[in-house]
Amino acid sequence: MKHSFLITVLALGATACAPRSMSAASQEETAFFETNIRPLLLERCAECHSEKKQKGGLRLDSRSAWQKGGESGSAIAPGDPDTSLLIKAIRYLDKDLQMPPKQKLSASEVALLEKWVKMGAPDPRDESAAIQPTVNFEAASKHWAFQPVLRPPVPTQARPLQPLDAFVAARSQQEGLAPNPVADPRTLLRRITYDLTGLPPTPEEIRTFLRDNGPGRIDRLVERLLASSAYGERWGRHWLDVARYADTAGDGADYPVREAVKYRDWVIHSFNTDKPYDQFLREQIAGDILARNKPTADFASQVTATGFLAIGKRYGYKPSPDFQHLDFADAIDSVGRSLLGLSLGCARCHDHKFDPVSVSDYYGMYGIFQSTQWAFPGGEEQKRPSQFPPLVPSPEVKRLDALKKEALAKLDERLAQTKKERGNFDSLAFAGGIDLAFEGQAAGKPPAAPWLSAGPNLVLADAQSPFAHAHPPGKLGVRLGSGVPNDGVRYVFTKGLRANAGKRMEFTLDFRTSEAPETTGSYRFYLGRGVIQSLAVEVSVSSSEIAIRNGTQWEVVRSLAPGQWNTLRLTLDPAQKTFSGFVGSPGDLTTFENKALGPNWDGVADTFISDGNGHVKGAVPGRDLDNLGLQETPFGAPGSGPVAAPAAPPDFAHRLKTIDAEIAQLTKERDIVSTDNPYPVAYGVSEGSPVNARIQHRGEPEKLREEVPRRFLAILGGDSLQDPAKGSGRLELAEWITRPTNPLAARVFVNRVWQWHFGQGLVPTASDFGLRGEPPSHPELLDWLASEFVASGWSVKALHRLIFRSDTYQRSSADHPDNLKKDPANRWLWRYARHPLDAESIRDSMLAMSGLLDKSVPGAHPFPSVQTWAFTIHKPFHDVYESRHRSVYLMIQRNRRHPFLALFDAADPNASVPQRLPTTTPTQSLYLLNSPFVLEQADAMARRLLASPGEDADRVRLAFEAAHTREPAPSEVMDVLAFIDAYRQKLASLQKPAPDPQVAAWAGLTRVLLTGNAFLYLD
């Protein structure tokens, strides 16, 4: 095929994707519902809209129920989210229609429901599912995928062919197709290099390959690539698609999972070392048990492998049985689709309607996962990770745990001693706390410990109260008044008061408003628990009056004169939920009685605040405060006294501040030691308490039916546990899946490898070998490959070699008019199917062209310290960590995908992805034209070319060879040189010349090379 530079310029590529089959679409829709929608409806909607309770007459627990709708009509308009009442309600745009009423769904949850409705609201649930006729097991057992894998005879051909080619040729002849010839060496080099490494061949590798004209040069190329670390990075990424890998948990808050990268690296290492696939599977299902039964140097590696089970989307705010049924469902679905090519999730509510999988089969496997302990990544309620399996054997765990216990004991002892010293200050407490009259503070400075201060507040002699009925006569008070509403002071009572039967709470405070009647606002006194966590009483003062909050309404008590000292007394009666008191000066007191306390007050009073958030908005008046008090016994009457109290030492404030800082530091150290593991851990699973599951009627965990013994699928043997009390059954499950008599494990994986090489599997529905899946195009070839695979010791690299040596793989991708008419989708493999590079290969290749690709293995992602984790459904974790490492090492977030990878159709980590479905969109083209990333790589590539030896024509040839693995025609070289010269001239004519016109002109070329079809597609 002749290439033209002029045609390549700014050609950003467009290909038509073959339409999915109807069966594949319905499988995808069902999988989407089971993975995303059913758990969401159960978790967030079932409480009010299911069989037990139907708020507004609406049920959402079956398809027929939501079709019927409730009092407001049908809840869902399939295909039209904007007119669906359900979507309107969860969007919270109408104050009279909001669901759930207590807590709005997260943005990601809303997006999932919108997507579901837009898909047509596919819902496999049926009100009468339990009595629906199910598949005929005996008839279904004759389905091709459940038959034993038998090594078929190789078809005889007119000329000797490799067995793989013989099977393909036999079908091509049957269909009347003439296969394409083998592709040229450069095309094959680029194809195989990308296929095995995800990177382009370098100019030096191209020259080496072209010089090797001897027999077996394809074999030598393949062996070199299989031996490179880039192979595991490429093929590990394929498996991570299937394993639904991400670096975050995927609940509403999407907590980071620091240890997820260990599983990712384990997968990459397993491919690089050609770990036998059966062992690869066994370790991912039961690696912790294998490690425990026979500890070896692989102990940590085997435990890490169980990340396959844990790595899926997690549900729930804490490690609770209330949510874990969703984790088990995800694991069963993933094991079924990923390893067996079966949609087991459909049997969660009833016997599978298409495949020979019963509800008893489902809960037989469910019990295995219910008997497993799952690492919890952290969530909105329990914000710290827990139950991560250790990567060291049990004796070492016990030793290190003992050291941790000893370290915590020492910290506890130091904390107790320091708190005891802090408690000595309680002897100085008066009127309910320490230094409530500011006598321990430094004059001329802001209030210090135990007070908290914000704004230009000062302790002054001029702010001293004249009253002595609650505190002894003093010398200091505090002056506040920046005019900013949130400035002020706060005091937390170490021994706050709690509501006790028959007890009341007494509060007192002296205050005066500064002589500034022109201020229009007010200041506030708050008493309650914490910083407005639970309000007991609010009092508000302006330059002319004082008001109290009576329940939810402000009431003016009396007028006040600026510059005049007043005393405020409150008596709180928690039993009656009222308060009474008086305000004014001796001889001029105004009383009030039986006012309502805060309606939601929880009975705790431990915090006083004075700020500018009063009952009148405007500039906040300045004020002086003194003589705060909170206790259970009444204070003296205004005008009485003076009272006596112990004197504070001269360095009181400094000593108190030092001790409080030490307590805070020790508490922080203890938190770190208690939450950090003393040994490395993995994000995986470990053995729990063995238990058999009970069938959940219609998949609802609160509707339990009969118990089902743990066992394997009946269609694959139905094996049960010999000793149910011995363990979870995961090790037995791993053995059942990988035994040679299982007809699915080898077939499914061989088909995946074929798909990753050719773009489409011999079975197009790679994760559905059931009755709804499509049959294999070449059934004998599939079984022959599976037989060879098992005979090779389940060697993935041996399987590659079989495929690469074949003419079928090496064929040209050129079109053939007659063949296109007979087989436009290339189902019979008469040519190699041209396809776009995946997202990771595009990014990695651009970095390789620029010379900026970092091929080293990075460390852990720079997540925030676990001590700071406080993510919520409304403030979830989100970040994008820029990197020049290979794309397989990028941080993959589950709820908000990496922008580049999402744009170019990388795998969605919320479910096992059988096949990426590439798209061609305007946003992709705009990104390639304007992205700073693309421009940076083009600029760096231009500088590399300019630094290379030779003439400009040599550099043009080098550029084409590096980017497209081909030599440009002489006419193309001339076109490019003319383009660069014209570009330079254009730059020189600009009013603001480019800083480096030479680099800018060559970058114009490299941008074209990096964004054209010849770069973005693989022939």
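Brief remarks follow.
- Looking across region 20-74, the residues that are assigned to a loop (DSSP other than H, G, I, E, B), at pLDDT 80 or above and open to solvent by 40 Å² or more (accessible area, probe 1.4 Å) come down to R59, S74.
- Tally, over region 294-305, of residues that are in contact (Cβ under 8 Å) with a residue 60 or more places away in the chain and out of contact with any Phe, Trp or Tyr (no Cβ under 8 Å at 6 or more places or on another chain): 4
- Checking L890 against (1) at positive phi; (2) modelled with pLDDT of 95 or more, the condition it does not meet: (1)
- Residues located in region 894-916, provided they are charged (D, E, K, R) and either touching a Ser or Thr at 6+ places or on another chain (Cβ under 6 Å) or without any contact (Cβ under 8 Å) to a residue 60 or more places away in the chain (or both): R894, R897, D905, D908
- Residue in region 542-553 that is within 24 Å of A468 (Cα to Cα) and either open to solvent by less than 20 Å² (accessible area, probe 1.4 Å) or within 45 Å of the chain's Cα centre (by Cα) (or both) present: yes
- Residue-level check: of (1) at pLDDT 80 or above; (2) assigned to a loop (DSSP other than H, G, I, E, B); (3) touching a His at 6+ places or on another chain (Cβ under 9 Å), A77 misses just (3).
- Search result, residues across region 661-711 that are of a type in the set (A, V, I, L, M) and buried (at least 18 other Cβ atoms within 10 Å of the Cβ): L666, V681, A682, V685, A693, I695, V708
- Residue match in region 579-596 (condition: under 19 Å from Q553 (Cα atoms), part of a loop (DSSP other than H, G, I, E, B) and touching a strand residue (DSSP E or B) at 6+ places or on another chain (Cβ under 7 Å)): no
- Exactly one residue out of L452, L408 is open to solvent by less than 40 Å² (accessible area, probe 1.4 Å) and at pLDDT 90 or above, and it is L408.
Rundown of residues vs (1) in contact (Cβ under 8 Å) with a residue 24 or more places away in the chain; (2) open to solvent by 30 Å² or more (accessible area, probe 1.4 Å); (3) charged (D, E, K, R); (4) touching a helix residue (DSSP H, G or I) at 6+ places or on another chain (Cβ under 7 Å), yes/no style:
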site: P876; (1), (2), (3), (4): yes, yes, no, no
site: R884; (1), (2), (3), (4): yes, yes, yes, yes
site: Y889; (1), (2), (3), (4): yes, no, no, no
site: I892; (1), (2), (3), (4): yes, no, no, no
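- Top-ranked residue in region 253-281 [being in a loop (DSSP other than H, G, I, E, B), open to solvent by 10 Å² or more (accessible area, probe 1.4 Å) and not hydroxyl-bearing (S, T, Y); ranked as farthest from T738 (Cα to Cα)]: R258
- Residue match in region 126-135 (condition: at pLDDT 85 or above and either more than 20 Å from L782 (Cα to Cα) or in a helix (DSSP H, G or I) (or both)): no
- Check on G636, open to solvent by less than 40 Å² (accessible area, probe 1.4 Å), assigned to a loop (DSSP other than H, G, I, E, B), more than 15 Å from R524 (Cα to Cα) and not hydrophobic (A, V, I, L, M, F, W, C): yes
- Residue in region 147-164 that is among the charged types (D, E, K, R), touching a residue at least 12 places away in the same chain (Cβ under 8 Å) and either over 30 Å from P356 (Cα atoms) or in contact with a strand residue (DSSP E or B) (Cβ under 9 Å, 6 or more places away or on another chain) (or both) present: no
- S720 being open to solvent by 20 Å² or more (accessible area, probe 1.4 Å) and in contact with a strand residue (DSSP E or B) (Cβ under 6 Å, 6 or more places away or on another chain): yes
- For the residues P724, P678, the requirement of being out of contact with any Asp or Glu (no Cβ under 9 Å at 6 or more places or on another chain) and at pLDDT below 95 singles out P724.
- Sole exception among (1) closer than 29 Å to S850 by Cβ; (2) crowded, with 20+ Cβ neighbours inside 10 Å for P179, by number: (1)
- Selection count where residues are part of a loop (DSSP other than H, G, I, E, B), open to solvent by 10 Å² or more (accessible area, probe 1.4 Å) and in contact with a helix residue (DSSP H, G or I) (Cβ under 7 Å, 6 or more places away or on another chain), scope region 299-334: 3
- Any hit, region 216-237, residues being part of a loop (DSSP other than H, G, I, E, B), open to solvent by 10 Å² or more (accessible area, probe 1.4 Å) and out of contact with any helix residue (DSSP H, G or I) (no Cβ under 9 Å at 6 or more places or on another chain): yes
- Residues in region 86-110 that are assigned to a helix (DSSP H, G or I) and open to solvent by 50 Å² or more (accessible area, probe 1.4 Å): 3 in all.
- All positions within region 988-1002 that are within 44 Å of the chain's Cα centre (by Cα) and closer than 11 Å to A942 by Cα: V999, A1000, A1001, W1002
- Residue within region 981-988 that is in contact (Cβ under 8 Å) with a residue 60 or more places away in the chain and either among the acidic types (D, E) or under 16 Å from S850 (Cβ atoms) (or both) present: no
- Number of residues in region 185-202 that are of a type outside the set (V, I, T), in contact (Cβ under 8 Å) with a residue 40 or more places away in the chain and open to solvent by 30 Å² or more (accessible area, probe 1.4 Å): the value is 1.
Yes or no, residue by residue, for (1) at pLDDT 95 or above; (2) closer than 18 Å to E936 by Cβ; (3) open to solvent by 10 Å² or more (accessible area, probe 1.4 Å); (4) small (G, A, S):
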| site | (1), (2), (3), (4) |
| --- | --- |
| S806 | yes, no, no, yes |
| Q810 | yes, no, yes, no |
| Y832 | yes, no, no, no |
| L837 | yes, no, yes, no |
| L853 | yes, yes, yes, no |
| S856 | yes, no, yes, yes |
| N895 | no, no, yes, no |
| P899 | no, yes, yes, no |
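- Enumerated strands (runs of 3 or more DSSP E) restricted to region 403-516, each holding at least 1 residues that are more than 47 Å from the chain's Cα centre (by Cα) and farther than 30 Å from D671 by Cα: 458-460, 477-480, 505-513
- Every pair of residues 6+ apart whose Cβ atoms lie under 7 Å, when the first sits in region 461-483 and is at negative phi while the second is basic (K, R): A461/K475; A463/R479; Q464/K475; L480/R623
Conditions tested, residue by residue: (1) within 24 Å of A499 (Cβ to Cβ); (2) open to solvent by 40 Å² or more (accessible area, probe 1.4 Å); (3) over 45 Å from the mean Cα position of the chain (by Cα).
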| position | (1), (2), (3) |
| --- | --- |
| S585 | no, no, yes |
| L589 | no, yes, yes |
| F592 | yes, no, yes |
| W601 | yes, no, no |
| T607 | yes, no, no |
| H615 | no, yes, no |
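The values are calculated or read from the model by the stated rules, or taken from the named source; none is laboratory data. What you see is a predicted model; the values in this text were computed from it and never measured. Ideal geometry is used to build each Cβ from the backbone, glycine not excepted, and the neighbour counts take in all protein chains shown. Side chains included, ligands, DNA and RNA excluded: accessible areas come from the protein's heavy atoms. Shrake-Rupley method; radii C 1.70, N 1.55, O 1.52, S 1.80 Å.
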